[in-house]
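This report refers to the structure that appears directly beneath it.
The values are calculated or read from the model by the stated rules, or taken from the named source; none is laboratory data. These figures come from a predicted structure and were not determined experimentally. Positions of Cβ are backbone-derived with ideal geometry, glycine not excepted, and every protein chain shown enters the neighbour counts.
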Amino acid sequence: MIKGTLSHDEKTRDKKVDDKQVAIDKILEDFGGSSRKLEKVRSILHAAGNIEVGKTAHEVVEEKRAYKLLHYRPMVSKVAKTPLLIVYALINKSYILDLQQDKSWIRNLLRQGFDIYLVDWKAPTNINKYDSLDDYVNCYIDDCVDMVRKKNSVDKITLHGYCMGATMSVIYTTLHQEKVRNLATIAPVIDAEKDTTVLSNFSKHIDVDKMVHSVGNLPSEQLYAAYSALKPFKQGVNKYFNLIENIDNDHFVENFLRVEKWLYDTPSIAGETIRQWIRDIYQKNLLIKNEMKIGNNIIDLSKIKIPLLNIIAEEDHLVSPGCSSPLNESVWSIDKRLMRFHTGHVGLIASTYSQNNVLPKVGQWLKARSQ
């Protein structure tokens, strides 16, 4: 695209790159960094958007206004009978689950013999600003569940959600349990009163009605600003120290750029959805009270009686562990498991630690309930 015709997303991306460069220039100036390192960092950051992510082979089963349903090519000859549908969050992009070959959540589960589908959400446009959680749960997710069931000729699937997608998966299961064999959640937002993160505190004190009335869909710039405030030193300064220190380590730089690309790749969120998410879950804490309403239905967590696996990170700075763990106490499932790991929100799904410590246990639990 020629100068003067940049899209809004491209302008936003370029501004974020420029802001990062100013921070790095200041670090190098204050701490005597070399001009060679400075030029190399500049070059690397400006090329960050071109780095490849989400490369595991897949096909698009269906594409609609709000989502794409992806199906990943199996990696073993015999796959588990029960297909796995991953519901990603509406925040950031789903390729964090397939960041690179040696740190891919999806690729690891494929190698363990699972048949995997993914709901890959599209960024909402202005006409989507009235899309509610009811639309996402009872229309979009339900459509994907039915497509997976039909494509695999099964009555039930395993529903596997991450973060906000995990919460939506929980809500979906209370309403459509007849279609779900197993529920596997990663860092779900359940009891917001026990969420002590910066994001939770921010959400509890914002005038969400005024915000949505003013901006419609929550803009990506505001969402990114909120996430940047979570760990200002680590996200704004310390990580660039590490980049400069390891600028000649190609493997480190590639890992850094993939995560950096994901952090800055923040789509907008439908106005009505973010309104209900903040008001009903964070401010009124209705979900854990079994008082949240989706469409014409009250969400009662005690209706869940199928096998539940709840996976949480002890060092999660986006969703406090104490916010996620009450799910196990609220459902009536006899077969339920809480797995806790000493890592962070992203480290739980996209790290060497995840590959070696988290996924083998998750895969073992899922496999025992998927044949």
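For region 116-130, taking the residues that are over 19 Å from the mean Cα position of the chain (by Cα) and not hydrophobic (A, V, I, L, M, F, W, C), the one that is farthest from SER169 (Cα to Cα) is identified as ASN126.
The single condition among (1) crowded, with 24+ Cβ neighbours inside 10 Å; (2) more than 29 Å from SER268 (Cβ to Cβ) that THR167 does not meet is (2). Does VAL212 satisfy the condition of being at pLDDT 75 or above and touching a Gly at 6+ places or on another chain (Cβ under 8 Å)? Spelling it out, VAL212 is indeed at pLDDT 75 or above and touching a Gly at 6+ places or on another chain (Cβ under 8 Å). When ASN138 is tested against (1) within 15 Å of the chain's Cα centre (by Cα); (2) more than 13 Å from THR56 (Cβ to Cβ), just one condition goes unmet, and that condition is (1). A search for C-beta distances below 8 Å between a residue of region 67-82 that is outside any loop (DSSP other than H, G, I, E, B) and any residue that is of a type in the set (Phe, Trp, Tyr), counting only pairs 6+ apart in sequence or on different chains, returns TYR67/TRP121; TYR67/TYR140; LEU69/TYR117; LEU70/TYR117; HIS71/TYR117; TYR72/TYR117.
Counting only helices (runs of 4 or more DSSP H) wholly contained in region 125-216, the ones carrying 3 or more residues that are more than 26 Å from GLY344 (Cα to Cα) and acidic (Asp, Glu) occupy 142-152. Of all residues in region 105-114, at least one satisfies being assigned to a helix (DSSP H, G or I) and either under 20 Å from ILE304 (Cα atoms) or among the basic types (Lys, Arg) (or both). Tell me, yes or no, whether region 190-201 has at least one residue that is of a type outside the set (S, T, N, Q), buried (at least 24 other Cβ atoms within 10 Å of the Cβ) and in contact (Cβ under 8 Å) with a residue 60 or more places away in the chain. Yes: region 190-201 contains one or more residues that are of a type outside the set (S, T, N, Q), buried (at least 24 other Cβ atoms within 10 Å of the Cβ) and in contact (Cβ under 8 Å) with a residue 60 or more places away in the chain. Of all the residues in region 258-293, those that are modelled with pLDDT of 95 or more, surrounded by fewer than 20 Cβ atoms within 10 Å (Cβ to Cβ) and among the aliphatic types (A, V, I, L, M) number 1. Comparison of TYR162, TYR136, TYR140, TYR130 shows that the only residue that is more than 22 Å from TYR264 (Cα to Cα), in contact with a strand residue (DSSP E or B) (Cβ under 6 Å, 6 or more places away or on another chain) and among the aromatic types (Phe, Trp, Tyr) is TYR140.
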